[in-house]
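Chemist: Structure in structure tokens, see below.
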Amino acid sequence: MPDPLPHAPAAGMVDAVHDDTKLQRALVGGGIAKSSVALFLAFFRAPAGVFLLDSLLVAAYYGVLVAIILFGLAGAWTGLWVSHDPLRRRAVGMTVLWASVLSLLLLAGVGGHAILK
């Protein structure tokens, strides 16, 4: 029986736990995707809602987006780094993969309002 959700991101992360190739794909693909979405939000979507109450909140909005961009690039670089020696560097790749969930949640929280318009 085929997998009912073959392209679900969570299913890809779970599969990456068991397969080195899928770990590298999840790190590089997820890092590039998060970085590009955060770049899109930073350049083309202005902060809205509660972020407009204070200039400090606007700075926090862009600060979180910059942090997500940097963490996404670091995740993609980690995927490339793990691909050179997957047996010895797998633990680092898994740690970065599971830590990337936090940046994904931040991206969904900060940018979700702009994407759903």
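The values are calculated or read from the model by the stated rules, or taken from the named source; none is laboratory data. None of the values given here were measured: they were computed from a predicted structure. So basically every Cβ, Gly included, is an ideal-geometry build from the backbone, and we count neighbours across all protein chains shown.
Chemist: State yes or no: is LEU97 part of a helix (DSSP H, G or I), within 17 Å of the chain's Cα centre (by Cα) and in contact (Cβ under 8 Å) with a residue 60 or more places away in the chain?
Modeler: Criteria met by LEU97.
Chemist: Surrounded by 20 or more Cβ atoms within 10 Å (Cβ to Cβ), within 13 Å of LEU27 (Cβ to Cβ), more than 14 Å from the chain's Cα centre (by Cα) and not polar (S, T, N, Q), is that true of VAL82?
Modeler: yes
Chemist: Inspect the range 72-80 for any residue being modelled with pLDDT of 90 or more, polar (S, T, N, Q) and part of a helix (DSSP H, G or I) and give the result as yes or no.
Modeler: yes
Chemist: Further, regarding this structure: PRO47 is checked against (1) over 21 Å from GLY30 (Cα atoms); (2) part of a helix (DSSP H, G or I) and fails just one. What number does that condition carry?
Modeler: (2)
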